[in-house]
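A quick write-up on the structure given underneath.
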Amino acid sequence: MAQPDKKFFENLSGTGKAIAVLTSGGDAQGMNAAVRAVVRMGIYVGAKVYLVHEGYQGMVDGGHNIIEVSWESVSSILQVGGTVIGSARCKAFRSHEGRLQAAYNLIKCGITNLCVIGGDGSLTGANLFREEWSGLLEELVKGGKIERGTAQKYTHINIVGMVGSIDNDFCGTDMTIGTDSALHRIIEVVDAIMTTAQSHQRTFVLEVMGRHCGYLALVSALACGADWVFIPECPPQEGWEDQMCTKLSENRAQKKRLNIIIVSEGAIDTHNNPITSEKVKDLVVSCLGFDTRVTILGHVQRGGTPSAFDRILASRMGVEAVLALLEATPDTPACVVSLCGNQAVRLPLMECVQMTQEVQKAMDERRFEDAVRLRGRSFENNLNTYKLLSHKKSVSELPKSNFNVAVLNVGAPAAGMNGAVRSAVRVGITEGHKMFAVNDGFEGFAKGQIKEIQWGDVGGWTGQGGSLLGTKRTLPAKYLKQIADQIRTHNISALLIIGGFEAYESLLQLAEARAGHEAFCIPMCILPATISNNVPGTDFSIGADTALNAIMETCDRIKLSASGTKRRVFIIETMGGFCGYLANMGALASGADAAYVFEEPFDIRDLQANVEHLTEKMKTGIQRGLVLRNENCNENYTTDFIYQLYSEEGKGVFDCRKNVLGHMQQGGAPSPFDRNFGTKISAKAIQWISRKLKENYRQGRVFANAEDTVCLLGMHRRNLHFQPVVQLKAETDFEHRIPKEQWWLKMRPLMKILAKYKTSYDVSDSGQLEHVRRPRGQTDTGPI
């Protein structure tokens, strides 16, 4: 089949165009990364780029609030929270006179392309401005403020929006800029509170932001294993007071030393009456007499440095926004750049706004099920998973499946593995299975280190790094007979393996061993968990986001060190085996000048070009450099070699330092993304195992030998997919332990463009304006 023609952005020119970017409404971490990406991409394509300070107020006031900027103007803002160009609520822009003045100020600068970073109110205002544009120009002509020729030259304005909101309250996108960073702040506080709460056997009621949307409360409850959560979209049933108190007292009776309750600031009951954190505290104290404290997080959630996820998301969206402006015609509706799964998409702005308003309308009318559905499949999946994990049924309520399911970790430890195990155990028990934990991977399996694991055994596991079950890189091939014996001894009906490339290879070996060992004819599933993100069949692996944040935080500190000494270049070595994911995405998140990866071969000429590029950079106001190198990118061009080359070639211009990050990338508490991702895919995997057990149960036993009973659950582009591991063999480079095709390589040009390198950028996936998907019935696969 003929491949469709690839489309490259070199064919899109910004020459003669002017782009303005503004931030409006509430601030959110990552807005600066979006501003930086718009400015640099705009300048890269030859357009003039203007920053509008103080949001719409600056557009109305004009003058020094609208300034043309250079490449260096947005240096050092990537890691800064909030918005450096300011944001303001603007009453003037809501009036016709205010918009007329704003149009005049833009025309004076020749600006007809506007990029707005804000919430639904800011974006609605931008759309109204676009609709009125021709009328506003006509008024300016009649008022003698502009010439008729000027009005004819600037007949229309193009609007592209990016959603910056920590609440994640905008329909049409899975994540808004700032949400992941806000979750980082919440989880940091929860982790800290847990230690003091355990010391004193306390109950903590945490109030988080979200006046109209419970996303932050719901996902943080999922990520920390909270006992109860209150959100506006799903009020508790009548009699919730007694139910909650019963659950809290049961937990205490089971020797749990703390209780965490999370309340969204907009939480309501089924009659739309507010449920406040103080009300919840008073209830717990009066009913149970527990020592209870309230912590209101407030603006802490808006503060701090943006997470790696937000920096990369904002950078991708900023570049996509410029492409959308370059491709826009007078007939193109105002669009918003959104994230669907792992894909940047363009959606009509007003369709998204309309659906967002429908959610609020549904809540006002107490149609809460509709409100949850309208929030999107991602939100609905979060809610369903939380319900599965948090409400332990009594023994009499549980179904009896008579199936034993074993869970084990294989390969190197990855942050988030423990959360995935907890999820698997609790969902498995809810499904009626007996759950068994295997210690120390297949080595432990062969030795019989297998024991039943109960609901309470996995309490508090989500926030812990490493692998509490123990993990080994050993493959099962040399222990096949012993493992088969243990499967029979413990009557194991299905396997869930959580791990990296070794786990994938293990499952291939077990699938091949089915011919000689009938014990392996059971459903088996792997969840990818490795910091290297090198498992085929998935865009993301559990643990990679935590490692990326560790790299980014170190790079931020190193950049501060370099800014003090000036004229210094740091060479930083990352882990990942032969997979360059961490080096490349770490470079994008930290604003590095170059990243050397195995997947993109380089030679001495490339190294020389990088040195020359840094030499030129030292002549500007940005007198520092950051270069990332994947540990196995080239056997000859080692970190020491590159360090010595840069030191020699940069003599008299800059000096060099090197830093090998090592195992710090593997440690630490899991990030909110890894906790959430691991929890949800693990729950989905157990549900898949339950279905396969029923389908393959015949004559009193499980017998599963079809390809589709040995699968990997991965996220690809927009959805989660179960893929038979045998089919993934063709997609795997076994020598280098990486997939043959990797999505993040499309991010390589993005990193280079933002570092001021000339490069080619394939934009074949861009350019299509899609429509907002109306909610339908829930399917098994879908966005996370």
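The values are calculated or read from the model by the stated rules, or taken from the named source; none is laboratory data. Given the structure is predicted, the values throughout are model-derived calculations rather than measurements. Here Cβ is always computed from backbone atoms with ideal geometry, including for glycine, and neighbour counts include all displayed protein chains. Areas reflect the complete protein model, heavy atoms only, side chains present, ligands, DNA and RNA absent. Shrake-Rupley method; radii C 1.70, N 1.55, O 1.52, S 1.80 Å.
A few comments on the model shown:
- Positive dipole terminus of the chain, leading residue within L258, P236, V280 (C-beta point charges): L258
- Neighbour cut-off at most 10 other Cβ (10 Å), DSSP loop, trypsin sites (Lys or Arg not before Pro), the range 577-629: K619
- Seen from V458, the other residues with C-beta closer than 11 Å to its C-beta sum to a net charge of +1, counting Lys and Arg as +1 and Asp and Glu as -1.
- In sequence order, calculated HN-Hα J values of the range 461-474 (Karplus, 6.51, -1.76, 1.60; Hz; x Gly/Pro): 7, 4, x, 9, x, x, 10, 6, 6, x, 9, 9, 7, 4
- Remark: spin-label model distance T276-D242 equals 2.7 nm, labels positioned 7 Å along the Cα→Cβ axis.
- You can think of it this way: the chain between S396 and F734 has 116.8 nm of extra reach, that is 0.36 nm per residue less the Cα-Cα gap.
- Overall form of the range 546-666 per C-alpha gyration tensor (a/c, 1.5; a/b vs b/c): oblate
- Around the amide H of K658, modelled in the peptide plane, lie the amide H atoms of I571, all under 5 Å away and 5 or more residues distant in sequence or on another chain.
- Cα shape, the range 179-301, gyration tensor, a/c 1.5 rule: oblate
- Per-residue packing, averaged as other Cβ atoms within 10 Å, sorts the ranges 156-164, 753-761 into the order 156-164, 753-761, beginning with the highest.
- Within the accessible area of the chain (1.4 Å probe), percent carbon and sulfur: 49
- Relative contact order of the chain, defined on C-alpha pairs under 8 angstrom at six or more residues apart (%): 14
- Separation of the R691 and Q454 label points, Cα + 7 Å toward Cβ, nm: 3.2
- Put simply, the amide H of I453, placed in the peptide plane, has neighbours under 5 Å in M435, F436, A437, leaving out anything fewer than 5 places away on its chain.
- Cα centroid of the range 721-753 to Cα centroid of the range 223-255, whole Å: 42
- Angle between the chain longest axis and helix 501-512 axis [Cα atoms, degrees, rounded to 10]: 50
- Sequence-separation-based contact order of the range 546-666, relative, with Cα cut under 8 Å and 6+ spacing, percent: 40
- Among 372-379, 720-727, the peptide with the highest mean count of other Cβ atoms within 10 Å heads the list, and the full ranking is 372-379, 720-727.
- Residue-normalised accessible area of the range 179-301, given per residue in Å² at a 1.4 Å probe: 39
- Under DSSP loop assignment and at most 16 Cβ neighbours within 10 Å, longest GluC sites (Glu not before Pro)-free interval of the chain: 398-634
- Each Cα pair under 8 Å and six or more residues apart adds its sequence gap; the mean of these over the residue count of the range 179-301 is a relative contact order of 38 percent.
- 5 angstrom amide H check on N259, placed H, neighbours 5+ away: R202, T203, F204
- Centre-to-centre, using Cα atoms only, the range 619-643 and the range 351-375 are separated by 50 Å.
- Taken one residue at a time, the phi angles of the range 327-332 give Karplus couplings (6.51, -1.76, 1.60, θ = phi - 60°) of 8, 5, 10, x, 8, 6 Hz. Gly and Pro are set to x.
- Between 0 and 90°, nearest 10: helix 349-364 axis offset from the chain longest Cα axis: 50
- For the range 546-666, the solvent-accessible area works out to 40 Å² per residue, with a probe of 1.4 Å and every protein chain left in place.
- A simple charge model with +1 on the Cβ of Lys and Arg, -1 on the Cβ of Asp and Glu and nothing else charged puts the dipole of the chain at about 620 debye relative to its Cα centre.
- Cleavage-rule hits (trypsin sites (Lys or Arg not before Pro)) in the range 634-717: DSSP loop, at most 13 neighbouring Cβ within 10 angstrom: K651, R717
- Furthest towards positive pole of dipole, V569, A609, T639, structure part the range 546-666, Cβ charges: V569
- Listed peptides 492-499, 527-534 by packing density, highest first (mean Cβ within 10 Å): 527-534, 492-499
- Cα shape, the chain, gyration tensor, a/c 1.5 rule: oblate
- Those residues of the range 578-607 whose amide nitrogen sits under 14 Å from the label point placed on T638, 7 Å along Cα→Cβ: none
- One Cα centroid belongs to the range 16-57, the other to the range 507-553; the line between them spans 40 Å.
- Cβ-Cβ FRET estimate between K566 and H96, R0 fixed at 41 Å, reported to 0.05: 0.20
- Residue-by-residue Karplus 3J(HN,Hα) for the range 136-149, coefficients 6.51, -1.76, 1.60, Hz, glycine and proline x: 5, 5, 4, 5, 5, 5, 4, x, x, 7, 9, 6, 4, x
- Rounded to the nearest 5, the antiparallel percentage of DSSP beta bridges internal to the chain is 25%.
- The loop-placed trypsin sites (Lys or Arg not before Pro) in the range 386-422, going by DSSP, that have at most 14 neighbouring Cβ atoms within 10 Å of their Cβ come out as K393, K400.
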